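The values are calculated or read from the model by the stated rules, or taken from the named source; none is laboratory data. Everything numeric in this text was worked out from a predicted model, so none of it was measured. To get the accessible areas, we keep the full protein, side chains included, count just its heavy atoms, and leave off ligands, DNA and RNA. Shrake-Rupley method; radii C 1.70, N 1.55, O 1.52, S 1.80 Å.
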Amino acid sequence: MTATVLAMMLWGLPQYDPKPRTTSVLSEPRVTVTAETPGLINPRGSYGERLSTERFDKSLRVVVNSVVFRSAGQDLTTAGTYIEMGSRLVEPVLLGLAVLAVRSQVKR
């Protein structure tokens, strides 16, 4: 999970949180509401700038929600989506192998 959090901090989280805009038009018999969410911007800057406490906190929440509850519910970059999918496959396998290793040591 530590590697996943680090990868999310560096490449998975967008540069800025997307702020949806809602506009509404009031016509006489009805109201038309349009919601637009701007596109996600890949993170820029040096790796040192990306390794901030704010990005650590957000990436930790995304990874824990992804592993434990199976739904991150966050807007991630394309790399972040693939990192999340990979961690959903790899982390339970590694946890199972760790349990088997402990079990074999206890049996001896």
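Principal-axis analysis of the Cα atoms of the chain puts helix 53-64 at an angle of about 70° to the longest axis. Taking the C-alpha atoms only, the angle from helix 78-107 to the longest principal axis of the chain is near 20 degrees. Of the candidates Leu26, Leu13, Leu40, which one comes out as most mobile in a Gaussian network treatment of the chain with C-alpha springs shorter than 10 Å? So, out of Leu26, Leu13, Leu40, the one fluctuating most is Leu26. With contacts taken as Cα pairs under 8 Å and at least 6 residues apart, the chain reaches a relative contact order of 34 percent.
Summed over the residues of the chain and divided among them, the accessible surface reaches 74 Å² per residue at a probe radius of 1.4 Å. GNM on the chain, alpha-carbon springs under 10 angstrom: the most fluctuating residue among Gly86, Gly12, Gly48 is Gly48.
The accessible surface of the chain, taken with every protein chain in place and a 1.4 Å probe, is 60 percent carbon and sulfur. Highest mobility in the GNM of the chain, judged by mean-square fluctuation with C-alpha springs under 10 Å and restricted to Pro92, Pro43, Pro29, is found for Pro29.
Computing Rg and Dmax of the Cα atoms in Å directly from the structure and comparing it against (i) 21.9, 73; (ii) 24.7, 73; (iii) 19.8, 80 singles out (iii).
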